[in-house]
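Working notes, beginning with the structure itself.
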Amino acid sequence: MNAPWKAGQAGSRDPFMAFVCDEATLDVTRSVCSEMGWSEEKANKGGLRNAIQSLSVAASPQILLVDLSESGDPINDINSLAEVCEPGTVVIAMGQVNDVRLYRDLIISGLQDYLLKPLNPDTLRDAINNAQISLTTAKQEENGTERTHISTAIVGTRGGSGASTLATSLAWILSEKMEYSTGYLDLDVHFGTGALTLDLEPGRGLIDAIDNPSRIDGLFIERALIKANDNLSILSAEAPMNAPIMSDGSAFFQLQEEFRSAFDNSIIDAPRNMLIDYPHLAHDLNVVIINTELTLAAARDTIRILAWLSTNAMQAKVIIVANKVNSSTNEISRKEFESSIDNTIDFIVPADPKAATQASKLGQTLIAAAPNSKASNMINKIAEAILGSVDAEEESDQDAGGKKSMMNKLSGFKSILSKKEK
């Protein structure tokens, strides 16, 4: 049967509704509803027949949980449910019959999953998480276009150059202001400030991923990520100083792959030593932002990083950002810096100690705390440049010739930005 709940996306209907047969299952379902931030009243008593009666006169939810315990003919009853369900509904069934043939028939009928009773909260939670992923996939298929993921790494040339401040602000803009689903991966395992900047506890997700790379999959990501807002999830850590990283880098590669599947954008706060230890981190990046200061040491390290990227991340668009710039205290001028690195600085983010202090006090990103500051205005432009990187890459692919030099990459990228500004 081609179930109608597989035909489209649920739109703005209720996120969840359940129809169960017994009090114990009702208690478990209502408990999970409360954890998910849904009204407990969405879990009803009555089973599959009550579901059919209710949905024949009311809008279907995005995720529907139905109890088959009192059903004499589950397959036929599921067909009846399909007739009253609106397109886009993901259906999860539960029952007491442990039969592989029944399970297969139900899945063929279009159900998302079949759970055995007595119902376990963790099992129900996992099933709902998988259903939410299914909804996202269905929306992409309905739009008829393949989702384009943009993976951006922010690399600081020196400690304290403001790379993490820039990374968290970019993640916040893309998720909150531009409403793209965004994953933030803080690879400074011992001293990362991603969670701290957003006033969150980092959790153990990143450490667990490093310790057990084989566990990393979509479900692991769902559990490990910390939600910062509706569209932003972060993976960060504050590992003990007596616990060095013992990894071949496979965990970081798998995390990048899962982020590509789960989000529209991923922002990676990548300490420069991580690039040295795990060069494969740069192989699938779309954009690399080199965050620097106008100092002699930073100029030297910018040159070295540019040379490294030209070998290890030839596919990536490179954006050079001079951060925390104060014309009266710069060690060297912009002209001297650009002459030294033989490249142009793409964006200048002015120093704004007052806004930075305010952001720290509020537990917010710089751009959230001071949205109208000059620094925030420039960070907005950098976010727009990230989103424009895919267009720039397509135009670059159309150009004649083989591999491009780093300067040509930058020039092509700037031409796209100029067209957008016009």
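Overview of values
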read-out: Count - residues of region 245-269 that are of a type in the set (D, E, K, R), in contact (Cβ under 8 Å) with a residue 12 or more places away in the chain and outside any helix (DSSP H, G or I); value: 2
read-out: Single match in Ala24, Ala58 (criterion: surrounded by fewer than 18 Cβ atoms within 10 Å (Cβ to Cβ) and at pLDDT 90 or above); value: Ala24
read-out: Flag if Gly95 is more than 24 Å from Gln132 (Cβ to Cβ), in contact (Cβ under 8 Å) with a residue 12 or more places away in the chain and surrounded by 15 or more Cβ atoms within 10 Å (Cβ to Cβ); value: no
read-out: Residue among Ser214, Ser169, Ser164, Ser233 that alone is without any contact (Cβ under 8 Å) to a residue 12 or more places away in the chain and either out of contact with any Pro (no Cβ under 8 Å at 6 or more places or on another chain) or outside any helix (DSSP H, G or I) (or both); value: Ser214
read-out: Complete set of residues in region 119-147 that are among the polar types (S, T, N, Q) and either modelled with pLDDT of 85 or more or assigned to a helix (DSSP H, G or I) (or both); value: Asn120, Thr123, Asn129, Asn130, Gln132, Ser134, Thr136, Thr137, Gln140, Asn143
read-out: Leading residue by the ranking (farthest from the chain's Cα centre (by Cα)) among those in region 29-43 that are buried (at least 22 other Cβ atoms within 10 Å of the Cβ) and among the aliphatic types (A, V, I, L, M); value: Ala43
read-out: Region 200-221: number of residues that are touching a strand residue (DSSP E or B) at 6+ places or on another chain (Cβ under 9 Å) and either surrounded by fewer than 22 Cβ atoms within 10 Å (Cβ to Cβ) or under 20 Å from Leu362 (Cβ atoms) (or both); value: 5
read-out: Answer residue from region 239-254, given it is touching an Asp or Glu at 6+ places or on another chain (Cβ under 9 Å) and of a type outside the set (S, T, N, Q) and is farthest from Leu187 (Cα to Cα) among those; value: Met246
read-out: Gly363 vs. criteria at pLDDT below 90 and at positive phi; value: yes
read-out: Every residue from region 10-52 that is in contact (Cβ under 8 Å) with a residue 60 or more places away in the chain and either among the basic types (Lys, Arg) or over 26 Å from Ile75 (Cβ atoms) (or both); value: Gly11, Arg13, Ser31, Val32, Glu35, Met36
read-out: Residue that is farthest from Glu338 (Cα to Cα) [pool: residues in region 285-318 that are part of a strand (DSSP E or B) and out of contact with any Phe, Trp or Tyr (no Cβ under 6 Å at 6 or more places or on another chain)]; value: Val287
read-out: Qualifying residue in region 218-226 (condition: within 24 Å of Gly156 (Cβ to Cβ) and either modelled with pLDDT under 90 or touching a Gly at 6+ places or on another chain (Cβ under 8 Å) (or both)); value: yes
read-out: Some residue of region 376-384 being free of Cβ contacts under 8 Å to residues at least 60 places away in the same chain and open to solvent by less than 30 Å² (accessible area, probe 1.4 Å); value: no
read-out: Among (1) under 17 Å from the mean Cα position of the chain (by Cα); (2) closer than 30 Å to Thr302 by Cα; (3) at pLDDT 90 or above, the one test that Leu196 misses; value: (1)
read-out: Subset of region 259-279 (residues that are touching a Gly at 6+ places or on another chain (Cβ under 6 Å) and farther than 29 Å from Lys177 by Cα); value: Tyr278
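The values are calculated or read from the model by the stated rules, or taken from the named source; none is laboratory data. None of these values were measured; they are calculated from a predicted model. Here Cβ is always computed from backbone atoms with ideal geometry, including for glycine, and neighbour counts include all displayed protein chains. Just so you know, the surface numbers come from the protein's heavy atoms only, side chains and all, with ligands and any DNA or RNA stripped out. Shrake-Rupley method; radii C 1.70, N 1.55, O 1.52, S 1.80 Å.
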